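Have a look at the structure below, then the notes.
The values are calculated or read from the model by the stated rules, or taken from the named source; none is laboratory data. In this text the structure is predicted, and so the values were computed from the model without any measurement. Here Cβ is always computed from backbone atoms with ideal geometry, including for glycine, and neighbour counts include all displayed protein chains. Heavy atoms of the whole protein, side chains included, go into the accessibility calculation; ligands, DNA and RNA do not. Shrake-Rupley method; radii C 1.70, N 1.55, O 1.52, S 1.80 Å.
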Amino acid sequence: MPSPKAKNPSRSGGSPVLGSSNGRYDFRQGSDPTTARLRCPESPTRRRALSSLLAIDLWLSKQLGVCACEDSSWGSVRPLMKLIEVSGHGIPWLAGTAYCLYKSDSAAGQEVMLNLFMGLLFDLVLVTIVKAVVRRRRPAHNRMDMFATFSVDRYSFPSGHATRAAMCGRFLLAHLVLAAPLRVLILLWVGLVGLSRVLLGRHNVTDVVFGFWMGYCQYNVVEMLWLSPQTLVILWNFF
Ligand SMILES: CC(C)=CCC/C(C)=C/COP(=O)(O)O
């Protein structure tokens, strides 16, 4: 059983996922720093179950990382995945929402855009905090060539793209009057953003799944703390 303190064999040229040097996947605990930190010493059964789940997560994520670089098995799809990555990036969403807020000539439109903008800021702050606390490394096969990242974006859990896509997807479906095909397109975009994170090798599957759940819950908070026009006037006068 490899000691959790031993250098992670996967970093020393062993199997890119779980450390065995002969390419077989070693599903024993301790192969991933997250496993070592999340270990529950008082419950060997829970510890084994958690380690197995994390080991399967690492293995599945490695299998799905088919666009991690140009010479990967699906390397030709990488440019499309990178385009989807940009569509879920924080900067285009913040800039686009700010532009719509500025151009909006109705109080209702300004109210919706301002609440979306505040939701995007809330998402950024929350993801930054969780990443800084969990400090899970990105998959070993990830090639970190994302544009405009924060220092915490070297960490993998949760996927900021997944939280943003889930939150914005819910927001658009709830606040925009859209024909059914457009609603389906939004749901498709949310799924593709999450899938692209794993295909590009940016994240493990659990990073994205938790990110979707977190973004879904973030929207509930946006609704609970919805800024009404009256609140906006008070805030505007205050500032
Ligand atoms: C610089 C701004 C405004 C946002 C950072 C967007 C970003 C790079 C998030 C990381 O997303 P993943 O955690 O899915 O890789």
Worksheet item: From the list Ser104, Ser151, Ser159, which one is within 12 Å of the chain's Cα centre (by Cα) and among the hydroxyl-bearing types (Ser, Thr, Tyr)?
Response: Ser159
Practice prompt. Considering only the stretch 224-239, state which residues are in contact (Cβ under 8 Å) with a residue 12 or more places away in the chain and assigned to a helix (DSSP H, G or I).
Written response: Pro229, Leu232
Fill in: Residues satisfying the stated conditions in the stretch 64-119, i.e. open to solvent by less than 70 Å² (accessible area, probe 1.4 Å), among the aromatic types (Phe, Trp, Tyr) and without any contact (Cβ under 8 Å) to a residue 40 or more places away in the chain
Phe117
Fill in: First in the stretch 190-206 and assigned to a loop (DSSP other than H, G, I, E, B), second anywhere and hydrophobic (A, V, I, L, M, F, W, C), Cβ under 6 Å, 6 or more apart
Leu200/Cys67; Leu200/Met81; Gly201/Ala68
Item to complete: Look through Ala179, Ala140 and report the one residue that is over 14 Å from the mean Cα position of the chain (by Cα), in the same structural domain as Phe122 (by TED's automatic domain parsing) and under 27 Å from Gln110 (Cβ atoms).
Response: Ala179
Practice prompt. Restricting attention to the stretch 122-166, report how many residues are on the phi < 0 side of the Ramachandran plot, within 13 Å of the ligand (Cβ to nearest atom) and touching a residue at least 24 places away in the same chain (Cβ under 8 Å).
Written response: 30
Worksheet item: Cβ-Cβ below 7 Å, separation at least six or inter-chain, first residue in the stretch 48-59 and under 21 Å from Leu199 (Cβ atoms), second of a type outside the set (S, T, N, Q) and assigned to a helix (DSSP H, G or I): which pairs?
Response: Asp57/Val205
Worksheet item: Of all residues in the stretch 70-114, which are within 16 Å of the ligand (Cβ to nearest atom) and among the hydrophobic types (A, V, I, L, M, F, W, C)?
Response: Met81, Leu83, Ile84, Val86, Ile91, Trp93, Leu94, Ala95, Ala98
